[in-house]
Amino acid sequence: MSELTGKRVAFLLTDGFEDSELTSPWEAVTAAGAEAVLVSPADGEVTGKNGHKQSVDLAASAAASADFDGLVLPGGVVNADHLRMDGASVELARSFFAEHKPVSVICHGAWILIEADVVRDRKLTSYPSLKTDLRNAGADWVDEEVVVDAGLVSSRTPDDLPAFNAKTVEELAEGKHAEQHA
């Protein structure tokens with residue numbers, strides 16, 4: 001597959017991410033021809049909750065959505081909680097929506113989208129414990145394997161990764177979505 005050749009995809013995360021929610025989508029987008037870039041507020045290297053280590057390519061404070069074609073937000077409770085507290089990460093996530101670019105989020109990753117105020121009137125799913133948080137932020141939360149809403153891809157857990165990966169690649173291949181907005 002080469003449907004993403006020439007595209008750059010930012011993966012925004014920090015320590016405590018759900019390992020498979022980084023590695024599986026990373027493999028999917030790179031297998032489709034994209035360049036994957038690990039963006040983080042952490043320096044040097046990040047470690048997943050199950051021990052996967054990966055080098056940080058770019059600081060969140062130095063990253064610009066204009067340099068990427070899409071964004072992937074892995075989950076993991078600790079990762080998601082720390083990201084939503086980092087102003088540069090929140091602003092970076094928000095800017096992908098402002099530029100109408102595809103964003104894929106899984107599990108607890110949706111917390112940063114609540115903080116970025118981009119879920120109002122959007123249909124999405126997440127790990128079930130975020131249901132009330134998302135509804136309180138104005139989202140239409142549903143319990144489905146994968147949900148696509150105008151360039152916003154969301155899934156619940158690592159069990160959903162095959163569907164999540166397929167829709168992530170599909171939305172990245174389609175490019176900008178006019179309905180995607182901040």
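Taken about its Cα centre, the chain carries a charge dipole of about 220 debye when Lys and Arg each add +1 at the Cβ and Asp and Glu each add -1 at the Cβ.
Residue 45 sits among other residues whose Cβ lies under 10 Å from its own Cβ, and their net charge, with Lys and Arg +1 and Asp and Glu -1, is -1. Summarised in one figure, the compactness ratio Rg/Rh of the range 71-119, Cα atoms and Kirkwood Rh, is 0.92. Looking at the range 59-155, the DSSP beta bridges with both ends there are about 30 percent antiparallel. With no solvent and one point per C-alpha, what does the Debye sum give as log10 I(q)/I(0) for the range 87-182 at q = 0.14, 0.16, 0.21 Å⁻¹? Log-scaled intensity ratios, in q order: -0.43, -0.57, -1.01. Site pair residue 52 and residue 91 shows an inter-label distance of 2.9 nm when each label is modelled 7 Å from Cα along Cα→Cβ. Average projection, convex hull of the Cα set of the range 1-98: 5.6 square nanometres.
Projecting the Cα atoms of 51, 33, 83 onto the dipole axis of the chain, where Lys and Arg carry +1 and Asp and Glu carry -1 at the beta carbon, places 83 farthest toward the positive end. In this structure the chain gives 40 Å² per residue of accessible area when probed at 1.4 Å with all protein chains present. In terms of overall dimensions, the chain has a Cα radius of gyration and Dmax of 14.2, 40 angstrom.
The range 151-182 and the range 104-138 have Cα centres lying 14 Å from one another. What's the carbon and sulfur percent of the range 71-182's accessible surface, probe 1.4 angstrom, rounded to a whole number? Using a 1.4 Å probe with all protein chains present, the range 71-182 comes out at 47 percent carbon and sulfur.
The values are calculated or read from the model by the stated rules, or taken from the named source; none is laboratory data. All values reported here derive from a predicted model rather than from experimental measurement. With ideal geometry, Cβ positions are generated from the backbone for all residues, glycine too; neighbour counts draw on all protein chains shown. Protein only, heavy atoms only, side chains kept; ligands, DNA and RNA dropped before computing areas. Shrake-Rupley method; radii C 1.70, N 1.55, O 1.52, S 1.80 Å.
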